[in-house]
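Report on the following structure.
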Amino acid sequence: MPNGKFIYLQTFGCQMNVHDSEKMLSILTKHDYRPTDDIHRADIILLNTCSVRAKPEHKVYSALGRFKKFKEKNHHLIIGVGGCVAQQEGERLLDRIGHLDLVFGTHNLHRLPDLIDDIQASRRPMCAVEFYDEVRSLEIFPAPSDGEKVKSYVTIMQGCDNFCSFCIVPYVRGREKSRPSENILGEIKALSKRGVKEVTLLGQNVNSYGKDLSGGFTFPQLLAHSNEIEGIWRIRFTTSHPKDISKELIMAFGKLEKVCKHIHLPFQSGSDRVLERMGRGYTRKQYMEKTEQLREVCPGIGITADVMVGFPGEDERDFHETLDLIQRVQFDNLFSFKYSPRNGTRAARYPDQIDESTKSHRLEVLQKLQKQITFKRNQGLEERYEEILVEGMSKAAKEELTGRTSSNKVVNFKGSTDLIGQLLKVKIEKGYMNSLRGKIV
Ligand code: SAM
Ligand code: SF4
C-alpha cells in the first residue's frame, strides 16, 4: 500500500548533488513516498545543500527560514537537510533552526527512509553525519523507467584527498573512496538496457579513480571497459584534476570512440604563485601543455574549466596571468567564481584576504573576456556539420528540440519528438553566446 506521503526536494550545488538527489528520491519512492513539485502538498521537505562557497550556503538558511510557516500550519511536516552543509554543521544546525527535524550527511543517504520513520515514531529530531569506510550510498542507483531518460549520471567515487587550501569538499565528502569497477560497469549495463544512451561518470577527481582499490581498474581502464558496453553511445566524465591527468587518459580521447570530445579541467588560477598557495600541484606551463596535448590527440575537443578570482594574496600581476592563460587556451566556456573563505580550510586563515569590490571587479573583467571567446568559438562552428544526441524539447523555444555535440555544446533545432534519443547529423547555422542553432541534414 502506498503510504501516500509527498516529498518536496530542493537541490543546491553541483552535478554530484543533483545525482545524490536522484538517489534520495529513488530510495524514498521504493518506500512508497511520492515526489511533488508543489511544496504546499509536501509531508516531507528535504534540502540537498552545498557549502563550497558562502552564497549557496546562505540560500539554504533563507530557504529554511521560508519553510517555518509551513511547519506552523502543519505540525506533522518533516523538514530535513542533507548534503554538504548538513555534514559540516551536524547537530549545530538542529540547535540553530528550531523547526528542523532531520540532518543527514553525505554518507547517510541510504538511511533516509529509516531516519524519517524514526522521526515520525518519536517526534524527535535526528542527526546522522557519520562517515563510513564502506560508503553504502555509492551503491544506490536510481534506474530510470524504460525509455524515460537519454542520459544518466553514474557515481564512480566519493570524496577527495587533495585538500586544496581553499576547498571544503574533503571535509564534507570525506576521503576518496572508489566504487568497485564491476558495480560501475553493472550499473552502466543496466542503464543501457533501459534505453540510456549517454553516461557521465562522476567523481571529485576521476583521474585518481581506483588508487584506493586493490587490483581494480585505473580510470583509463574503466573508460575502456565502459566503451565496450552495447547500447551506450556516449561517455562523459567530470571532474578531472590537471595534476593527475595521465598520458594514458589523454590517449583515450583519441582511441575510445564513445568518449566524448569534451574535458572539464579546472585550472583555478593562471599564476604559479597562487597555484602554489592553493596547493594544486601543477604550474601554468604544465596546465597549458596538457591542453595542447589534448588538442593534438583530439582536434576539436571542447575544453571548459573552473577558475576563481581574489584568492588571498592575488595581486594585479597574478590576475593578469589568469587572463593571459584564458587568452592562450581559448576555453569553450568557464565557470568563474569569487574566492569565498570556508571555515576550517587553510586559505581561510591566510592573512592577505582580498576585499570584495576587487574580487567583483576582477570577476567582471574575466567574464567579459571569456564571453568574447565563447561567442567567437561558437561562431567558428557555423556552416560545420556536427553529430548531436537529441536530449528532449528545447527550453528556449516551443516546438523545438535540443541536443548536444560531442564537445558538449547545446544545439537547438526544429524536429519531431520521435527523434529524442537518436544521434543526428546537423548543420550549424548560427553560433550564439550559450547555444548553437542547427538544421537536420
Ligand atoms: N574537484 C574539482 C576540482 O578539483 O577541480 C572541483 C570541485 S568544487 C566543488 C567546484 C569548483 O568550485 C572548484 O573548481 C572551484 O573553482 C570552486 N571552489 C571551490 N572552493 C571554492 C571557494 N572556497 N571559493 C570559491 N570557489 C570555490
Ligand atoms: Fe576540492 Fe581540490 Fe578536491 Fe577539487 S581536488 S574537490 S578543488 S580539494
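The values are calculated or read from the model by the stated rules, or taken from the named source; none is laboratory data. All values reported here derive from a predicted model rather than from experimental measurement. FYI the Cβ positions are ideal-geometry reconstructions off the backbone, even for glycines, and counts take in every protein chain you see. When the accessible area is computed, the model is the full protein with side chains, heavy atoms only, and any ligands, DNA or RNA have been set aside. Shrake-Rupley method; radii C 1.70, N 1.55, O 1.52, S 1.80 Å.
For segment 323-441, what class follows from the C-alpha gyration tensor (a ≥ b ≥ c being the square roots of its eigenvalues): rounded when a/c is under 1.5, otherwise prolate if a/b is larger than b/c, else oblate? Judged from the Cα gyration tensor, segment 323-441 comes out prolate (a/c at least 1.5, a/b above b/c). Name the shape class, rounded, prolate or oblate, that the alpha-carbon gyration tensor gives for segment 58-114, where a ≥ b ≥ c are the square roots of its eigenvalues, rounded holds for a/c under 1.5, and otherwise prolate holds if a/b is larger than b/c and oblate otherwise. In terms of gyration-tensor shape, oblate. Ordering GLY403, GLY344, GLN367 by the projection of their Cα atoms onto the charge dipole of segment 338-441, which places +1 on the Cβ of Lys and Arg and -1 on the Cβ of Asp and Glu, puts GLY344 at the extreme positive end. Rolling a 1.4 Å probe over the heavy atoms of the protein chains gives the chain an accessible area of 46 Å² per residue. As an exercise, take the mean of 1/r over every pair of distinct alpha carbons in segment 152-284, invert it, and state the Kirkwood radius in angstroms. After inverting the mean inverse Cα-Cα distance, the result is 15.5 Å. For the pair LYS55 and SER360, the difference between a 0.36 nm per residue extended length and the Cα-Cα distance amounts to 108.4 nm.
Counting only C-alpha contacts under 8 Å and six or more residues apart, can you give the relative contact order of the chain as a whole percent?
On the way: 869 pairs, mean separation 41.8, N = 441.
Rounded, it is 9 percent for the chain.
Between MET393 and ASN227, the contour length at 0.36 nm per residue exceeds the alpha carbon distance by 57.0 nm.
Within the chain, what percent of beta bridges assigned by DSSP are antiparallel, to the nearest 5? Roughly 35 percent of the DSSP beta bridges within the chain come out antiparallel. With contacts taken as Cα pairs under 8 Å and at least 6 residues apart, segment 373-441 reaches a relative contact order of 37 percent. Take the solvent-accessible surface of the protein heavy atoms, probe 1.4 Å, and return the percent of it on segment 29-123 that carbon and sulfur atoms account for. Carbon and sulfur together cover 47 percent of it.
In a Debye calculation with equal point scatterers on the alpha-carbon sites of segment 390-434 and no solvent, what is log10 I(q)/I(0) at q = 0.24, 0.26, 0.31 Å⁻¹? These q points yield log10 I(q)/I(0) values of -0.87, -1.02, -1.39. Take every Cα pair under 8 Å whose residues are at least 6 apart in sequence, average their separation, divide by the length of segment 9-63, and the relative contact order is 44 percent.
Computed across the chain, the Kirkwood radius stands at 23.3 Å (inverse of mean 1/r, all Cα pairs). Of ARG377, ARG173, the residue with the largest accessible area leads and the full order is ARG377, ARG173 (1.4 Å probe). Each distinct pair of alpha carbons in segment 118-185 adds a 1/r term; the inverse of their mean, the Kirkwood radius, is 15.0 Å.
Candidates SER416, ILE119, GLY392 compared by Cα position along the dipole of the chain: farthest toward the positive end lies SER416, with charges placed on Cβ.
The stretch between HIS99 and ASP114 holds 3.4 nm of extra length on full extension. This uses 0.36 nm per residue minus the Cα-Cα distance. Seen from every direction in turn and averaged, the convex hull around the alpha carbons of segment 185-230 projects onto 3.4 nm².
For the chain, a Gaussian network of Cα nodes joined below 10 Å ranks LYS243, LYS409, LYS30 by mean-square fluctuation, and the top entry is LYS30.
Using Stokes-Einstein with the Kirkwood hydrodynamic radius over Cα pairs, what translational diffusion coefficient do you get for segment 1-87 at 4 °C and a viscosity of 1.567 mPa s, in µm²/s rounded to a whole number? Answer, rounded: 97 µm²/s. Here the chain is treated with +1 on each Lys and Arg Cβ and -1 on each Asp and Glu Cβ, and its dipole about the Cα centre works out to around 820 debye. Can you tell me the FRET efficiency between MET251 and LYS425 if r is taken as the Cβ-Cβ distance and R0 is 41 Å, rounded to the nearest 0.05? Working from the Cβ atoms, E equals 0.95. Distance distribution P(r), segment 1-149, all Cα-Cα pairs, bin width 5 angstrom from 0: 2, 9, 20, 25, 22, 14, 6, 2, 0 percent. Look at the dipole of segment 200-276 built from charges on Cβ: of TYR209, HIS241, HIS262, the Cα furthest out on the positive end belongs to HIS262.
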